[in-house]
Every structure is written in structure tokens, then in C-alpha cells.
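Please read the structure below before turning to the comments.
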Amino acid sequence: MKFNTESFEKEVLNGTGIAMVDFYADWCGPCKMLAPTIEEIASDRTDILVGKINVDETPDLAAKYGVMSIPTVIVFKDGVEVARSVGFKSKPELLGMLE
């Protein structure tokens with residue numbers, strides 16, 4: 001799922017449960033390397049919401065969450081940030097953020 005400002009607010013901030021959000025850009029090499037892992041988690045973990053935010057298309061959200069480097073993955077629980085990872089991480093490291 002690709003979020004825009006409205007869908008992010010509705011699905012993540014006002015949603016319940018756990019959401020993993022990948023802040024990325026199309027030109028970012030490490031983001032491209034991370035993309036298949038994010039897609040795997042989305043298909044494996046149907047109990048959580050997994051989505052992406054393109055920082056070039058929605059710079060307001062990147063600024064609001066202080067995303068200075070990409071990729072940045074933020075985990076939200078009931079609309080509140082509970083974990084953050086900056087840079088390329090392995091699937092086990094990303095899944096560990098959900099614990």
C-alpha cells in the first residue's frame with residue numbers, strides 16, 4: 001500500500017493495531033534493495049498494515065516525522081510511533097521491530 005497524507009492519517013494515525021511504514025524515494029539505491037523485503041513482510045504478516053511513503057511526493061509527512069535519511073522504517077501501534085529504523089536492514093531486523 002502506498003500512502004498519501006490523507007490515507008496515512010486515516011489508516012495509520014487513526015487506525016488500530018500495528019502499521020509498518022517505509023519512507024523511501026524512487027532514486028534511492030538502499031530503498032530499492034529494501035523494497036522486496038518490505039513486500040515479503042506485507043504478504044507474510046497479514047495481521048499488520050504495511051505501506052510506503054514516497055518522501056518526494058509527500059515531503060510534509062517526511063518532515064513531520066523527522067525523516068532525514070532514507071530508507072526509514074517506522075512502526076506505529078494504534079497511531080503512535082513505537083520503533084524506528086534508518087538505513088537498509090535485514091528481514092529479521094525489521095520483524096524484530098514488531099515485537
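The values are calculated or read from the model by the stated rules, or taken from the named source; none is laboratory data. Please read all numbers here as calculations on a predicted model, not as lab measurements. Ideal geometry is used to build each Cβ from the backbone, glycine not excepted, and the neighbour counts take in all protein chains shown. Remember, those area values only see protein heavy atoms, side chains included, never the ligands or the DNA or RNA. Shrake-Rupley method; radii C 1.70, N 1.55, O 1.52, S 1.80 Å.
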Handout entry: For the chain, accessible area per residue (1.4 Å probe, heavy atoms of protein chains only), Å²
Key = 54 Å²
Practice task
Extending each Cα 7 Å along its Cβ direction at A25 and M97, get the distance between those two points in nm, one decimal.
Solution key: 1.9 nm
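DSSP beta bridges in the chain, what fraction antiparallel, as a percent rounded to 5?
In the chain, approximately 65 percent of DSSP beta bridges are antiparallel ones.
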Exercise for the section: Let me know the shape class of the stretch 53-99, please: from the alpha-carbon gyration tensor, a ≥ b ≥ c as square roots of the eigenvalues, rounded when a/c is under 1.5, otherwise prolate if a/b is greater than b/c, or oblate. Expected result: oblate
Completion exercise
Toy charge model, Lys and Arg Cβ at +1, Asp and Glu Cβ at -1: the chain dipole around Cα centroid in debye, rounded to 20, equals 200 debye
Exercise for the section: Determine the gain in length on full extension of the stretch M68-S43; use 0.36 nm per residue of separation and subtract their C-alpha separation, reporting nm with one decimal. Expected result: 6.2 nm
Completion exercise
Farthest towards the positive end of the dipole of the chain, among V55, S90, V67 and with Cβ unit charges of +1 on Lys and Arg and -1 on Asp and Glu, lies the Cα of S90
Problem - Carbon and sulfur %, accessible surface of the stretch 1-60 computed with the full protein complex present, 1.4 Å - result: 52 percent
Exercise for the section: Pop a pseudo-label 7 angstrom from the Cα along the beta-carbon direction at both E9 and K77 and give the gap in nm to one decimal. Expected result: 2.6 nm
Practice task
Starting from the exponent 0.38 and prefactor 2.2 Å, build the expected Rg for the chain from its residue count and divide its actual Cα Rg by it.
Solution key: 0.95
